[in-house]
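What follows is a set of notes on a single structure, which appears directly below.
None of the figures in this text is laboratory data; all of them are computed from the coordinates on show. Owing to the predicted nature of the structure, the values given are computational and were not obtained by experimental measurement. Cβ atoms come from the backbone with ideal geometry, glycine included; neighbour counts cover every protein chain shown.
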Amino acid sequence: MKFFTDLIDLLLPESCAGCGGVPILLCDACAVPLRAPARPVRATPDGLPPPWTVAAYEDPLRSILAAYKEHGRTALAVPLGEALARSIRAALAPHLTSPARNTSPAWNEGRGATGEQPPQRAAPRDDRVLRLGHDPPIVVWVPSRRRAVRRRGHDAVQGLVDVAAGRLRADGVPVIGVDALKQRGRVADQAALTATQRTANLQGALEVKPQADVAGRLAVLVDDVVTTGASLGEAARALRAAGADLLGAATVAATPRRRP
């Protein structure tokens with residue numbers, strides 16, 4: 001049945017991934033949640049810095065992420081990745097500082113040393129710099145299960161990181177996406193598990209790849225959605241065990257907390 005659904009999606013004119021009602025990749029109304037400012041996620045496992053997120057994991061974002069991950073709408077990596085960039089920037093914010101301003105009389109008066117008007121320079125979107133030493137921080141994503149990557153034909157979260165890292169570098173925030181983590185073995189599907197069961201299910205499930213040099217590196221951990229934080233918590237454990245210094249975590253969306 002999924003084959004025929006995907007075939008119909010391929011043959012019919014593209015419609016909004018959120019509502020399906022407009023012949024466009026993503027309509028303005030459905031894009032609104034992705035344009036929100038980043039905010040911290042409060043309920044997280046011990047040892048994990050509060051992840052930053054942009055939107056609630058509910059429609060239309062639930063449909064948008066499903067279209068991106070499961071139905072080949074890979075162009076959605078751009079709006080989703082730009083939302084992730086804001087979360088990463090928020091996680092890095094405590095480590096950003098504004099550089100000292102140039103107070104030389106020639107520039108303050110709007111004239112060069114020869115008395116000529118200096119050339120106009122475009123103002124950077126973010127003129128703060130990282131006070132983190134020489135090496136830029138790495139952005140490490142929670143890896144998808146190998147079976148899911150084969151089925152989808154792409155690593156969904158890596159695609160978002162590629163867009164987010166490019167956006168941040170263009171804005172003057174140097175980061176490097178690093179494919180550092182891998183699954184150690186099979187884990188059960190998390191969908192029907194409680195928070196406690198998810199943590200137990202993922203315990204020891206991730207490790208740093210032998211070729212990934214993360215020791216002593218500053219890192220931001222990312223995923224597309226945070227539910228209980230179990231996946232991020234296990235990824236954080238693996239990175240710290242390999243010697244990485246975890247600065248924070250970032251996601252596109254967070255599952256709304258259910259009230260008792």
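Overview of results
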read-out: Order of S15, S87 under a 10 Å beta carbon neighbour criterion, fewest first; value: S15, S87
read-out: Rounded to whole Hz, the Karplus (6.51, -1.76, 1.60) HN-Hα couplings of the range 149-154, x for glycine and proline; value: 5, 5, 5, 7, x, 6
read-out: Local electrostatic count at L246 - Lys and Arg +1, Asp and Glu -1, tallied over other residues with Cβ under 14 Å; value: -1
read-out: Stretchable slack from L96 to R145, in nm (0.36 nm times residue separation minus alpha-carbon distance); value: 14.3 nm
